[in-house]
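Written out below as structure tokens is the structure these notes cover.
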Amino acid sequence: MAGYALARIRFRGREIVFITLVAMLMIPTYTKIVPQFLIVKFMPLFGGNDITGQGGTGWLDTWWALLIPGGLSAASIFLFRQFFLSLPKELEEAARIDGLGEFRIFAQIYTPLIKPAIATVGLLTFQESWNNFLWPLLVTTSDDLRVIQVGLAVFQQLDGTKWHYLMAGTTLATVPMVLLFIVAQKYFIQGFTQSGIK
């Protein structure tokens, strides 16, 4: 929706919001770790926290801490914006003549046309989350919430590395990414070529 708003809806300050979004692409991921951790820890009304976010653990050691922070990125919004800009404006004008509102134009006219962008963003987001090591290590303590990258680190100990387990686990960790890319390859390539990123 943010990409659609930046591409199709004219509002005051739209260019400033877009420039800010592009500037966010230059911020390294690891500089955002501490603020994100504090937001997750002091999330109000979760994990025993009160309305001000005090007294509990917030989203720490929950699925929310693993899913929500990785679900939104400036790169995804930028990619969606570029894709929406490539679609013909005549579709929107025809829908307005037929009496459709802004949300229905987004949901019924443009969303079916952006399947390649959705597949591309979904694949990139999954890949980034799947390979993430530091964030899951910081926000989880339960073994059942630890991701595979954190699990592979168990095989590297001070007294020696269990190479056979580490290599087998690494091979198994790559299988979902390879399968996902094979399934979404057509949409993935189409999403990059149609959004203007070469």
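Structure notes:
- Flag for Thr31 being of a type in the set (S, T, N, Q), assigned to a helix (DSSP H, G or I) and without any contact (Cβ under 8 Å) to a residue 12 or more places away in the chain: yes
- Members of segment 101-144 found to be exposed (fewer than 13 other Cβ atoms within 10 Å of the Cβ) and aromatic (Phe, Trp, Tyr), listed by number: Phe103
- Gly53 falls short on exactly one of the conditions (1) under 20 Å from Glu128 (Cβ atoms); (2) part of a loop (DSSP other than H, G, I, E, B); (3) small (Gly, Ala, Ser), and that condition is (1).
- Residue under evaluation Met43, criteria (1) crowded, with 18+ Cβ neighbours inside 10 Å; (2) in a helix (DSSP H, G or I); (3) at pLDDT 90 or above, criterion not met: (2)
- For segment 53-74, the set of residues classified as surrounded by 15 or more Cβ atoms within 10 Å (Cβ to Cβ), under 25 Å from Phe18 (Cα atoms) and touching a residue at least 40 places away in the same chain (Cβ under 8 Å) consists of Pro69, Gly70, Ser73, Ala74, listed by residue number.
- Any chance Val147 is surrounded by fewer than 13 Cβ atoms within 10 Å (Cβ to Cβ) and either in contact with a helix residue (DSSP H, G or I) (Cβ under 9 Å, 6 or more places away or on another chain) or at pLDDT 90 or above (or both): no
- Selection within segment 1-34 - closer than 18 Å to Ala107 by Cα, of a type in the set (Ser, Thr, Tyr) and either surrounded by fewer than 13 Cβ atoms within 10 Å (Cβ to Cβ) or touching a Gly at 6+ places or on another chain (Cβ under 9 Å) (or both): none
- Just one residue in the set Leu79, Leu60, Leu85 is assigned to a helix (DSSP H, G or I) and either more than 15 Å from Leu124 (Cα to Cα) or basic (Lys, Arg) (or both); that residue is Leu85.
- Residue match in segment 63-82 (condition: modelled with pLDDT of 90 or more and more than 24 Å from the chain's Cα centre (by Cα)): no
The values are calculated or read from the model by the stated rules, or taken from the named source; none is laboratory data. Since the structure is predicted, the reported quantities are computational estimates derived from the model, not experimental observations. All Cβ positions, glycine included, derive from the backbone under ideal geometry; neighbour counts span all protein chains shown.
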